[in-house]
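A short write-up of the structure that comes next.
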Amino acid sequence: MLATLYPWIKALHIMAVISWMAGLFYLPRLFVYHVERGHDAQGMDNVFQVMELKLLRVIMNPAMIVAWVSGLTLAAMPWVLNTSAIWPYSKLAALIGMTWFHIWCARRRRIFAEGGNTLTGRHYRMMNEVPTVLMVIIVLSVVVKF
């Protein structure tokens, strides 16, 4: 049964990861614009807050959950992981980092909503590179399987 479901679960996992990554790339960029342009025009702060909230709750959170559940399901299949190799552990470490970044973004969104943001656009631009580095580690881990 698992062998039959494997390609479907793997496809679901890939789609969820793509959706999650899109959100992880876009939300910090929204924060940059929010900091730099959110107070220029009347009502822009509210527009950014709605965009950030919907991106997080409608796309990022469900995608992260599906990515984790489908990934753990794949990992439970006996032929998928080679636990004597390094790659599953490097992927797991990067995935934990990705989840931490997701939580950091959610906290930053809440701080924006409360009007307490103190970080600059430059800070958010730098943080926007974190998911890229983690994605490189994950892709190399899974494809090269070192």
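The values are calculated or read from the model by the stated rules, or taken from the named source; none is laboratory data. Worth saying up front: this structure is predicted, and the values here are computed from it rather than measured. Neighbour counts run over all protein chains shown; Cβ positions are idealised from the backbone, glycine included.
Worth a mention:
- Selection from the range 58-116 of residues that are of a type in the set (Val, Ile, Thr) and under 21 Å from Lys145 (Cβ atoms): Thr73, Val80, Thr83, Ile86, Ile96
- Of residues in the range 83-127 being of a type in the set (Lys, Arg) and in contact (Cβ under 8 Å) with a residue 12 or more places away in the chain, the one nearest to Asp45 (Cα to Cα): Arg109
- In the range 1-60, of all residues being among the acidic types (Asp, Glu) and surrounded by 11 or more Cβ atoms within 10 Å (Cβ to Cβ), the one that is farthest from Met127 (Cα to Cα) corresponds to Asp45.
- Phe31, sole failed condition from (1) under 18 Å from Phe112 (Cα atoms); (2) at pLDDT below 95; (3) not β-branched (Val, Ile, Thr): (2)
- Lone qualifier among Val130, Val69, Val50 - being under 22 Å from His13 (Cα atoms) and either touching a Cys at 6+ places or on another chain (Cβ under 7 Å) or without any contact (Cβ under 8 Å) to a residue 12 or more places away in the chain (or both): Val69
- Applying the criterion of at least 1 residues that are closer than 30 Å to Tyr6 by Cβ and in contact with a Ser or Thr (Cβ under 7 Å, 6 or more places away or on another chain) to the helices (runs of 4 or more DSSP H) found wholly in the range 61-146 leaves 61-76, 87-113, 130-144.
- Residue in the range 70-78 that is under 18 Å from the mean Cα position of the chain (by Cα), surrounded by fewer than 14 Cβ atoms within 10 Å (Cβ to Cβ) and within 27 Å of Gly116 (Cβ to Cβ) present: no
- Residues in the range 98-113 that are modelled with pLDDT of 95 or more and either within 14 Å of Glu52 (Cβ to Cβ) or surrounded by 15 or more Cβ atoms within 10 Å (Cβ to Cβ) (or both): Met98, Thr99, Phe101, His102, Trp104, Cys105, Ala106, Arg107, Arg108, Arg109, Arg110, Ile111.
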